[in-house]
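The values are calculated or read from the model by the stated rules, or taken from the named source; none is laboratory data. This one's a predicted model, so the numbers in the text were calculated from it and none came from an experiment. For neighbour counting, all protein chains shown are included, and Cβ atoms are generated from backbone atoms with ideal geometry for every residue, glycine included.
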2 protein chains.
Amino acid sequence: MSQEFSVVGKRLPRADAVERATGTAKFAGDIKLPEMLIGKVLRSPYPHAKILKIDKSKAEKLPGVEAVISLEDIEPRKQFTVSFADLPLSPRGPMPERADQYVLTDKARFIGDPVAAVAAINESVAQEAIELIEVEYEPLPAVFDPIEAMKSGAPRIHERAERNIALHAVCPTSQGDMEKGFQEADLIVEDTYHTTKQAHCQLESATTVASFDASGRLTIWSQCQMPHPARRSLAHIFDIPVGDIRLITPHVGGSFGGRNSLCPEIIATALTLKVGKPVKLEHTKDEDFRVCDTRTPFIFKAKLGFKKDGTLIAIEIKATTQAGGYLSRSTTCVNVFLGFSIGSYRCPNKLAETDLVYTNTTPSGAFRGMGHESAMWGIEQLLDRAAQRLGIDPLEIRLKNMKKVGEPSYVGLPIQSTALDECIQIGAEKAGWQKKRATKGQGRKRQGTGMAILMHTSGSQPFYLEHCSVYIKVNEDGTANLVIHPGDAGTGSPGSLAQIAAEELGLLLEDVHIIYGDTDVTLFDLGSVACRTIYVTGNAVLRAARQAKQLLLERAAEELGVSPDELEARERRIYIKAAPEKGITIAEVAHKAIYNFKQEGLAILGKSTFEPTTSSPPTQAVFAEVEVDTESGKLKVLKMVIVHDIGRAINPITVEGQIEGGLSQGIGYALTENPAINMDSGEMITDSFETYKFPSTLDMPEEELTIIERPDPVGPFGAKGVGETGYIAVAPAIANAIYNAVGIQLTELPITPEKILKALAEKSNP
Amino acid sequence: MSQEFSVVGKRLPRADAVERATGTAKFAGDIKLPEMLIGKVLRSPYPHAKILKIDKSKAEKLPGVEAVISLEDIEPRKQFTVSFADLPLSPRGPMPERADQYVLTDKARFIGDPVAAVAAINESVAQEAIELIEVEYEPLPAVFDPIEAMKSGAPRIHERAERNIALHAVCPTSQGDMEKGFQEADLIVEDTYHTTKQAHCQLESATTVASFDASGRLTIWSQCQMPHPARRSLAHIFDIPVGDIRLITPHVGGSFGGRNSLCPEIIATALTLKVGKPVKLEHTKDEDFRVCDTRTPFIFKAKLGFKKDGTLIAIEIKATTQAGGYLSRSTTCVNVFLGFSIGSYRCPNKLAETDLVYTNTTPSGAFRGMGHESAMWGIEQLLDRAAQRLGIDPLEIRLKNMKKVGEPSYVGLPIQSTALDECIQIGAEKAGWQKKRATKGQGRKRQGTGMAILMHTSGSQPFYLEHCSVYIKVNEDGTANLVIHPGDAGTGSPGSLAQIAAEELGLLLEDVHIIYGDTDVTLFDLGSVACRTIYVTGNAVLRAARQAKQLLLERAAEELGVSPDELEARERRIYIKAAPEKGITIAEVAHKAIYNFKQEGLAILGKSTFEPTTSSPPTQAVFAEVEVDTESGKLKVLKMVIVHDIGRAINPITVEGQIEGGLSQGIGYALTENPAINMDSGEMITDSFETYKFPSTLDMPEEELTIIERPDPVGPFGAKGVGETGYIAVAPAIANAIYNAVGIQLTELPITPEKILKALAEKSNP
């Protein structure tokens, strides 16, 4: 593999490995500016309450306090949504009806809703000031369950959302005739599935430093995964020209979709605009849990109709999506969920729809998978149930119904490449499918093997403004500065982008300096979402590198007395293809370009914009081997076999890291993670790493990972996305293994021993 | 004037006016980084001494000290010159023979020569550590006067410089036959002139923050006026790939040529490389005086031959240039001095040569004028002496001999434009020349009027690598980020460059954000030297703006259904030239370029490299009116009339500021400034703003300033340089006014009452 490449495909440490390992990488929390104040937020203790009066006078008088603000201090007093849906980021245009929150609220809609904020000289003064703010609340009846929330008579959370339904969405790829489809089906399987408000659990808390200075410009250090839209959104919220905002992305300690929306950026900006000094706003861990977006949870009824031979001919999804107190990015998850729920397999008759419902809980938003994982939680289990009923191997039913090259993807774009067949076949071999499926054990502990597949997306086409621009500047020593700003979700993608640039320029990885994270000098990039960075930004990088290389080749051609197309660049050298011993170093060419007295001085800069019309799907087959203790209900995941079709692994270490990280988060999603909310008070009980159980390394099963490289025609060097993919199919594969082991299917996540025991009991006594 | 422009020619506040006025502008001294250490330098107390032994052990043991370094700790132990002459910055190629110093010295060559350095947790620990370093010196005989230094038997300062002569230079534009020229002359005037080691007196002390971190990259906050060459030079000195160095230019508190060379950057870098933590090295004011380059002083014999009608036919310059302990940038000043000394007027026979001589004094370097001011100090006085002897008006002798368009400039490039004739005529009117020359007063106080001219340069062509590249990024709100890095000499030129960009793009000045000062994202620019910024960088800005505008016009043309060449951009709007009411805002075009769902998304970036083949001269006539107290020798400058040919004043306020600042520095040069060196010990006595007298506002004479705009064909919108020009002709104009008042000519700067009294006495008793 990758014999033809010098840099691409190499197992290289991530670009920031040394900084991270030595603790010198600078995160937002490390930023200290002269005169910087500390911000703190007063949050509602009620899940639902009118705010009658705010008395800030005592807080204002506290020495060291420089600002105390509530909604009345915010100008303009504009509603917005943190998910940018009120901006023209979607081909549907701006959706002002989705703007449902203020910088600080006039009515609390969940516990933690920001009511007031202070900026003070240090944290203890800020905290004391928060405690001195007197708020008169009128508590209102609250509702925490989306089904309850839709009932007539339920407390109304937002005036404009009747029965708390913010919107009703029908999947635009719905087609066919559902009635006829199900009539013609030989088998119908259906069930209702529940997924959870999983927390992201980034090790780093949400933190923003905002600085509005005498120059009239606002600088924001933000962890947002979508820096350019974030800048545009802050401009919108505060009526500041976007060019007056400089958004800088520091190192981040994990994102997982949780930095997809704006969060502390907004109040930090309000505070710095008020005081004209820098303000740092750093969440405590319990603020992260209570206030930052959670995964968007779904309750959905899935109904699938099959012909006897296993052909899927009808699929219908009726879902309820829970938004929490505000819409945040749950609106996007609705689209993704609906699309994948009926679009993962070929099917002539299909319909998916959902209500998106407010509840008095923490807002739901983006989380690795964006709803794809919820859809597969149901679909992949129903597929196994159908296979069982029809006497077909689960592999066969998937091979039969899965989509092939040229067929429409989950959003209807033509599929450019898929190695899903190979993933299934290799996975089955590695997992010992035939043998393991038959070996279920005896007595108390039963083994089982199951699998699930996924066909994801590279990029957000056609939901979003899917383009980006980058440039590459060649230094006089022949190294290159790659200037990019896809945000940093903590995935290590900048290093892979540098590998793409190095490969194309004919340099080594250490020759490419990654300059990113400053909107003042970077060009528009949608952001680190939807597994798009390598596929979209990577393509722009490839093209910009090609442009810069062309300039180098032209210069070298003059030196070597040949034409540029006779030349090749590789490993720091440009040489004549037909006579590789004749060449010149890139360093020499680059140096002569600048240190040039022949009136040919030139600063070499390559620039490119890339906008795909496709979203080539990375695909994956996941095989789980489990052991169920039928007496205690305890589940042991013995082994996971993952086969992932990546098109091309630009850096196999990074790809593996993403898949392994996804597996870990998928195991948590499947087995242990579920923010516990007191359904009487609305209080989140699991508000720390002590009370919220996400997997540690000790919880990880044995794992066997295979990467399939069947180059995609669009991706740079054939690469497709990775990141969300590691996570999506883990839970259904485990569920299907349990089904294989003990014949039960669980519909509600997470899979706890209690639920297993209950299902086993129901199976024994139906 | 400038009716046709929206932004160019407008009197606008400088870009950083508010930040500077409110004290929020960040200078190098304001930078605080986590773990930052404070650096201090142990400097030689001897003007000339061998260093026998350095015992660092006590200093190293002091708690809080993290590094103590001397030459033995420096790797590589390489000689270099702070003026970049050892780099390929000149068409003559690198001149390694000019590399004459180490990071820390093994032999002290002036009082203040750095011997060792420390990095410690704070300033007091650092200072204590410095005092704990034990150095065993062997004092050597020293020499402070360049004439003495050239005598055989004088102490040898550098091994390779025999008789301390570092180099002998002959001006390359020398031509003709000197003997014949002087034979044919009807009048020969000659004298020997002395200029001084004037100090720059920047309000901000020299300061560097250097940070070498775990990523392996070195970041330097440097005041250097030539950031890109400075980066290249640091790479050379420390054998670091240039791409691994990021040089950031913060706000600076004055340069005046003094930040032309590297200074604290070098030791700060050595310290951070040693400790791997950031180090701040901030000079005390006396370190600035003792250690930073001074003006390069000249002693020169000038001999001019004229025909009866005033035609100059022969000119010969024999000079001695004082380098101080190291060459620094005195080598460049030699070239500039020689060029202007024989190239300011048309002359068929000319020769200029000099020895550049080491002495045991502070190194000489760049200072506003770079030697031009020294040349004019003699030439302009001798011209008046000749005019007097030949009975010709000083204006006439200048109008007769001055160069015209098409003639070779002081370096032999064709002159593109000159309004010197107009400067002289208008100046004469404003100064009341005819009347004032005749009115010398009676008795003790005598009045006089004199004048001097100059024909300077815009840019350093052909001495240096005279090119630069810039780019402009258009934001989605229609504003533009101008990404430049000509360094910041504190002149306000970035604002003028933004005016050029705004004018061309059809924006207002506040729409152009100046992003400068970071080599990671800026393209090569020679630097803020030789009045080149507006002329060279400005031209690159104009072209980059034109490219960005073209992209905007193409987009607008599509919207308006016309072709791009039918459109004009002005005041934030693109409109049809033939129907100005039909148009579209630039903001709308820019927004649609990014927020575009028609597969036409584009980040608008304009980029240009500019390399002139010319150096269009700004010209100036200065008229001084003085009063000499013949009893006390006291001189009063009553009025200065300045007429300056700028081609086009991009921002008249900035142009006036430069000319007024130059006048102030010129008054200091003429009358009061002269670093006093104890000629026995070599000690600099004037080492603070208390003991060194530079003019305050109260010392400024009445001033009348006229700007002539006769657009130059090369400069952007016709502009030529300004900056050095305000300073150069002030001293000779004052000297000529004294000559007119009391008939004495002074040859040694500064013009003190003592010297006037002495000259008056000599005149009475020849």
Residue check, A:ALA544 in contact (Cβ under 8 Å) with a residue 24 or more places away in the chain, within 30 Å of A:ILE415 (Cα to Cα), in contact with a Ser or Thr (Cβ under 7 Å, 6 or more places away or on another chain) and assigned to a helix (DSSP H, G or I): yes
Return only the number of the condition from (1) farther than 18 Å from A:ALA438 by Cα; (2) among the aliphatic types (A, V, I, L, M); (3) in a strand (DSSP E or B) that A:MET640 does not satisfy. (1)
Provide a single number: the residues in segment A:300-323 that are among the β-branched types (Val, Ile, Thr) and closer than 30 Å to A:ILE266 by Cβ. 2
When you go through A:GLU282, A:GLU316, A:GLU265 one by one, which is the residue that is free of Cβ contacts under 8 Å to residues at least 60 places away in the same chain and among the acidic types (Asp, Glu)? A:GLU265
Give me a count of the residues in segment A:89-111 that are of a type outside the set (Gly, Ala, Ser), farther than 23 Å from A:SER70 by Cα and assigned to a loop (DSSP other than H, G, I, E, B). 5
Buried (at least 20 other Cβ atoms within 10 Å of the Cβ) and charged (D, E, K, R): which single residue out of A:ASP384, A:ASP421 fits that description? A:ASP384
One residue is enough: does segment B:519-531 have a residue meeting the conditions within 12 Å of chain A (Cβ to nearest Cβ), at pLDDT 95 or above and within 18 Å of the chain's Cα centre (by Cα)? yes
Identity of the residue in segment A:604-633, more than 8 Å from chain B (Cβ to nearest Cβ) and of a type in the set (S, T, N, Q), that ends up surrounded by the fewest Cβ atoms within 10 Å (Cβ to Cβ): A:SER632
Being in a helix (DSSP H, G or I), more than 14 Å from every other protein chain (Cβ to nearest Cβ) and closer than 13 Å to B:ARG532 by Cα is the filter here, so list the residues in segment B:483-502 that pass it. B:SER493, B:SER496, B:LEU497
For segment A:214-272, enumerate the residues that are within 13 Å of chain B (Cβ to nearest Cβ), part of a loop (DSSP other than H, G, I, E, B), at negative phi and of a type outside the set (Ser, Thr, Tyr). A:ALA214, A:ARG217, A:ILE240, A:PRO241, A:PRO250
Residue pairs qualifying under the 8 Å Cβ cut-off, at least six apart or on distinct chains, with the first in segment A:143-172 being without any contact (Cβ under 8 Å) to a residue 40 or more places away in the chain and exposed (fewer than 14 other Cβ atoms within 10 Å of the Cβ) and the second being charged (D, E, K, R) and not in a loop (DSSP other than H, G, I, E, B), are A:LYS151/A:ARG163; A:SER152/A:ARG163
Can you name every residue in segment B:288-321 that is farther than 30 Å from B:CYS201 by Cα and in a loop (DSSP other than H, G, I, E, B)? B:LYS307, B:LYS308, B:ASP309, B:GLY310, B:THR311
Residue count, segment A:212-245 (criterion: in contact with a Leu (Cβ under 7 Å, 6 or more places away or on another chain), surrounded by fewer than 20 Cβ atoms within 10 Å (Cβ to Cβ) and in contact (Cβ under 8 Å) with a residue 40 or more places away in the chain): 1
With the requirement that a residue be within 24 Å of A:ILE744 (Cα to Cα), assigned to a loop (DSSP other than H, G, I, E, B) and out of contact with any Pro (no Cβ under 8 Å at 6 or more places or on another chain), what does segment A:615-632 give you? A:THR630, A:GLU631
Taking segment A:663-683 on its own, how many of its residues are touching a Ser or Thr at 6+ places or on another chain (Cβ under 9 Å) and part of a helix (DSSP H, G or I)? 4
For B:LYS436, state whether it is in contact with an Asp or Glu (Cβ under 7 Å, 6 or more places away or on another chain), under 30 Å from B:ASP421 (Cβ atoms), more than 14 Å from chain A (Cβ to nearest Cβ) and surrounded by fewer than 24 Cβ atoms within 10 Å (Cβ to Cβ). yes
Picking from A:GLU554, A:GLU600, A:GLU558, the residue that is in contact with a Pro (Cβ under 6 Å, 6 or more places away or on another chain), free of Cβ contacts under 8 Å to residues at least 12 places away in the same chain and either of a type in the set (S, T, N, Q) or surrounded by fewer than 22 Cβ atoms within 10 Å (Cβ to Cβ) (or both) would be A:GLU554
Could you list, in sequence order, all residues of segment A:737-766 that are within 12 Å of A:GLN381 (Cβ to Cβ) and of a type in the set (D, E, K, R)? A:GLU748
Is it the case, given these coordinates, that A:TYR692 is among the hydroxyl-bearing types (Ser, Thr, Tyr), crowded, with 21+ Cβ neighbours inside 10 Å and more than 26 Å from A:ILE424 (Cα to Cα)? yes
Residue check, A:THR196 against (1) over 17 Å from the mean Cα position of the chain (by Cα); (2) at pLDDT 95 or above; (3) surrounded by fewer than 23 Cβ atoms within 10 Å (Cβ to Cβ); (4) not charged (D, E, K, R), all met but one. Which one? (1)
Quick test of your reading of the structure: B:VAL82 fulfils all but one of (1) within 14 Å of chain A (Cβ to nearest Cβ); (2) surrounded by 14 or more Cβ atoms within 10 Å (Cβ to Cβ). Name the failing condition by number. (1)
For segment B:503-516, give me each residue that is over 20 Å from B:ARG532 (Cα atoms) and within 14 Å of another protein chain (Cβ to nearest Cβ). B:LEU505, B:LEU507, B:LEU508, B:LEU509, B:GLU510, B:ASP511, B:VAL512, B:HIS513
Return a yes/no flag: does segment B:473-481 have any residue that is at the interface with chain A (Cβ under 8 Å from one of its Cβ atoms), buried (at least 24 other Cβ atoms within 10 Å of the Cβ), under 16 Å from B:ARG543 (Cβ atoms) and more than 18 Å from the chain's Cα centre (by Cα). yes
Answer yes or no as to whether A:GLY243 is of a type in the set (Gly, Ala, Ser) and within 27 Å of A:GLU690 (Cβ to Cβ). no
Give me the residue from segment A:124-139 that is part of a helix (DSSP H, G or I) and either of a type in the set (A, V, I, L, M) or in contact with a His (Cβ under 9 Å, 6 or more places away or on another chain) (or both) and, out of that set, nearest to A:HIS48 (Cα to Cα). A:ILE130
Restricting attention to segment A:585-603, which residues are in a loop (DSSP other than H, G, I, E, B) and within 7 Å of another protein chain (Cβ to nearest Cβ)? A:TYR595, A:PHE597, A:GLN599, A:GLY601, A:LEU602, A:ALA603
The helices (runs of 4 or more DSSP H) lying entirely within segment B:700-766 that contain at least 2 residues which are free of Cβ contacts under 8 Å to residues at least 60 places away in the same chain are B:753-764
Filter pass, B:ALA649 being within 14 Å of chain A (Cβ to nearest Cβ) and buried (at least 22 other Cβ atoms within 10 Å of the Cβ): no
